[in-house]
Each structure stands twice: as structure tokens, then as C-alpha cells.
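Heads up, the thing below is written out as C-alpha cells.
The values are calculated or read from the model by the stated rules, or taken from the named source; none is laboratory data. Predicted, not measured: the structure shown is a model, and the values here were computed from it. Neighbour counts are summed over all protein chains in view; Cβ atoms, including those assigned to glycine, are modelled from backbone coordinates with ideal geometry.
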Amino acid sequence: MKFLLITLIAKPDPSISDHARLREVVDNAVLAEELGFDGYGVGERHERPFISSSPPVVLSHIAAKTSTIRLFTAVTTLSLLDPVRAYEDYATLDNLSDGRIELIIGKGNGAAQAKLFHVTTDDQWDRNRESYELFRRLWREPKVTWEGRFRPSLTEAETWPRPLQKPIRVWHGSATSKESVDLAAQYGDPLFSANVTNPIEPYAELIRYYRERWEHYGHDPAEALVGAGSAGFYVARTSQEAVETYRPIYDARIALFRKVGVEPVFPTLEDAIERSSILVGSPQQIIDKVLRYHAEFGHEVMHLHADGDGLTDKQHRATLELFQSEVAPALRKDIPSRPFAGSLV
């Protein structure tokens, strides 16, 4: 199994400057490489409390500070973006990073970002599909002639620079919708399940659907590739220590949900540990839980939260070190995973 750290660059505390928060993201990516994580992902959001509106810029800075770790988008919101411009940004980054880019695409969500980009609930999936179909061709073809609904047509259009990876791998982010799952299966692309908000069952159902559609489109079942997220993370030597340390962090999250009018699916930490994908406990408890999820998902890649949330810097580093020293080796042994293709390093 391979392990990523992912951040949406949330900034719920207005007293923290944007400058400080962005520097923290870069520092966490450097730490992730130092500790041996396989990838680091940056999300894309265009509304409060997030400041992750420009992942290619953030990832370019991370690329300059690192040398081996894979650089993920989580996700690139193609329903909002001009696919030509998105291609240019990420092809440039692919070259600058020595071929370390892995894209996860999705339609995105949120009323504020839809308002900014004039995307509606009626056309968001059509935009996502159309943008991806053009985006995919731009990576593979030196000249593209194309016509669609949502951007000007192209005639023998050339896009530069050409990517270093040929072709780059594109994952499809999936939370609740069969549309993204079907798009991934149609093109033979890997799927990354959000696996954050709900219990395991709806995510397992979508992954089963992905594998069914994968075969429907004529792909070899053995080649299907799945990743999955997690809803939170803290590992300590004992379960008691893990729960005691993480409880105020979880309680603060629940209070924030209720403040904005969202009733939490898992109202207590104990409920979340029992029924959600949150990974809080001793090393063996984390191993057992990931294996239980793997039995349902068959996933080879998993993400953890990159941010310390309410942990001190010392606590954050210590839990990541413990994960890499005791949890990751056991899971890598029990769950084989294919190598990331395309990197020159």
C-alpha cells in the first residue's frame, strides 16, 4: 500500500495569516518526503475557509523543495476550469517536478465557487465530462481539433510545453456520484474515493460500481486501481493516549459543523472511530481498521490528513513518525501496490 498526505489548506482561524498557512503547507510536504510518504496532495477550493485556489502554484513551490515525493492534486476541479489553461499549468509543473505529478480530477463542490465560475447544478457534470475529454486529448495529441458546449472550439491547436510523462496518469475523485465513477471506468482511469463523510457502505457501493463499469467497458479487471481517503488521523502508543489527545480536536470540529448548521454524521469521537474512516488509536488498531476497509475497497493507495489540525508541531511529527515506523510497514507488507509510473526519480 502507498500513503499520501493531503491538505485542502483550510484556514478556519482568521488570526493565522495566509502567508503563514501556505508556508506551513510547504513545510509539511518537505516533512512528508523526509519521513518516507509516497505522495503529497493539495486540494482546490474557491471559498472560505480554504485558501487552496491555486494548487499548481503551491505544488510548484513544493516541487522545488522536494525531489522524490509524488505531487497530487486533490482535486483539480475541471468543471470550473478551462481545460486548455489547466493543461498548460500542469504540463509545466510536470516538467519542473521531473515527472512527479499525479492528477485527481473532479467537478468540485460548493455554492460560492459555483457562483464565481457561473457553474450550475444543472450543467456541472456535463462541464466536468466535456472538460475531461478535451483535457485528456491535450495530454496525448500534439494538435487538437475539438468543439464543445462550454469553451471556444479548437482547430489544429498546439499546447505547450509538452508533458514529461507520456501520458500522465489521471485519477477521478469520487464522493457520492456515479457520474465520476462511470467516467473513470469508461476511460480506464483509476478511482480515488473520498471516503470521508459517511460510513463505509456507500463508498464500497460506488467502488463496486466502478469495477462493474470497468468490466462493462472492456477493461481487464486486474488493472483497476483504487485509492481511498480517511476522515482524520492520530496514532499513539496506546488507544487511550490517542483518544485523549484527539478528543478536543474532534469536539472542536463537531462544534464548527453545528455552528454552520451542519449536523454531524458521527456526533462523538467514539462513534467516528467505530463507524467512520477516521484513524485514531494504537498502531495495531490502525492496521486492523485499514485492513477492514481494504477488504471492502481493494484499494492500494490511502491518504491521511497532512495538517496537524489542533496538534502541536511536536505531536504532529511524532504521530507521522509512528505511522511510518509501525503502521506503514505492516500495511505495505499485507497490501501490495503497483508502482507510480512515469517518474524520472
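Looking at (1) part of a helix (DSSP H, G or I); (2) more than 17 Å from Arg213 (Cβ to Cβ); (3) not aromatic (Phe, Trp, Tyr), which is the one condition that is false for Arg129? With respect to (1) part of a helix (DSSP H, G or I); (2) more than 17 Å from Arg213 (Cβ to Cβ); (3) not aromatic (Phe, Trp, Tyr), Arg129 is out only on (2). Taking the criterion of being without any contact (Cβ under 8 Å) to a residue 40 or more places away in the chain and closer than 19 Å to Leu71 by Cβ, no residue of the stretch 98-117 qualifies.
Is it the case that some residue within the stretch 78-91 is crowded, with 18+ Cβ neighbours inside 10 Å, among the polar types (S, T, N, Q) and farther than 30 Å from Val290 by Cα? Yes, there is a match, as at least one residue in the stretch 78-91 is crowded, with 18+ Cβ neighbours inside 10 Å, among the polar types (S, T, N, Q) and farther than 30 Å from Val290 by Cα.
For the stretch 229-252, residues that are outside any helix (DSSP H, G or I), over 30 Å from Pro190 (Cα atoms) and among the polar types (S, T, N, Q) total 1. The residue pairs whose first member lies in the stretch 169-188 and is within 19 Å of Tyr90 (Cβ to Cβ), whose second member is among the basic types (Lys, Arg) and surrounded by fewer than 20 Cβ atoms within 10 Å (Cβ to Cβ), and whose beta carbons are closer than 9 Å, counting only pairs six or more residues apart or on different chains, are Val170/Arg136; Leu183/Arg129; Ala184/Arg213; Tyr187/Arg136. Taking into account only those residues within the stretch 107-155 that are among the polar types (S, T, N, Q) and under 23 Å from Ser193 (Cβ atoms), which is farthest from the chain's Cα centre (by Cα)? By that ranking, first place goes to Thr121.
Put simply, of Arg211, Arg162, Arg149, Arg237 the only residue that is charged (D, E, K, R), surrounded by 14 or more Cβ atoms within 10 Å (Cβ to Cβ) and either more than 19 Å from Leu103 (Cβ to Cβ) or modelled with pLDDT of 95 or more (or both) is Arg211.
Table: residues versus (1) free of Cβ contacts under 8 Å to residues at least 12 places away in the same chain; (2) acidic (Asp, Glu); (3) on the phi > 0 side of the Ramachandran plot.
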position	(1), (2), (3)
Ser276	no, no, no
Pro283	no, no, no
Glu296	no, yes, no
Val301	no, no, no
Thr319	no, no, no
Ala328	no, no, no
Lys333	yes, no, no
